[in-house]
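Trainee: Supplied in structure tokens, the structure appears directly below.
The values are calculated or read from the model by the stated rules, or taken from the named source; none is laboratory data. Just so it is clear, the model here is predicted, and its values are computed rather than measured. The accessibility values were calculated without ligands, DNA or RNA, using every heavy atom of the protein model including side chains. Shrake-Rupley method; radii C 1.70, N 1.55, O 1.52, S 1.80 Å.
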Amino acid sequence: IHYKEISTAQLFTTYEEAQAYLESQTTPNYRIVGAEPFTSPVHLEELEHYELIHQSDSVVRLRGNETISYVGIFEYSP
């Protein structure tokens, strides 16, 4: 059985701080991860030309005024 064990964890205020820490390590066994499943720990560019055309009534989570559904169908329009 293969598994990965988290032996230490460190919180950073910004992605840049986390990236600098990662680059200062001498082994490749470090990763930038997030504790929140619906919030990326790294900057993601906004996708352009996509429009939400359907989402399921089943809700995974409410975040403020935003509803995250189990299924979202998007249409791409260049």
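Trainee: How big, in percent, is the set of alpha carbon pairs in the chain lying more than 15 Å apart?
Mentor: Result for the distance tail: 72 percent.
Trainee: While we're here: Go ahead and set up a Gaussian network model of the chain, Cα springs under 10 Å, then flag whichever of 51, 17, 66 fluctuates most.
Mentor: Looking only at 51, 17, 66, the largest GNM fluctuation is found for 66.
Trainee: In deg cm²/dmol and to the nearest 500, what is the mean residue ellipticity at 222 nm of the chain if only DSSP H runs of at least 4 residues count, each as -39500 (n - 2.57), divided by the residue total?
Mentor: Helix-only estimate at 222 nm: -4000 deg cm²/dmol.
Trainee: Tell me the carbon and sulfur percent of the accessible area for the chain, rounded to whole percent, probe radius 1.4 Å.
Mentor: C and S fraction of accessible area: 52 percent.
Trainee: Return one whole number: the accessible area per residue of the stretch 18-78 in Å², for a 1.4 Å probe.
Mentor: Heavy-atom accessible area per residue stands at 89 Å².
Trainee: What are the extents of the Cα atoms of the stretch 35-78 along their three principal axes, in Å, largest first?
Mentor: Result, largest extent first: 34, 29, 16 Å.
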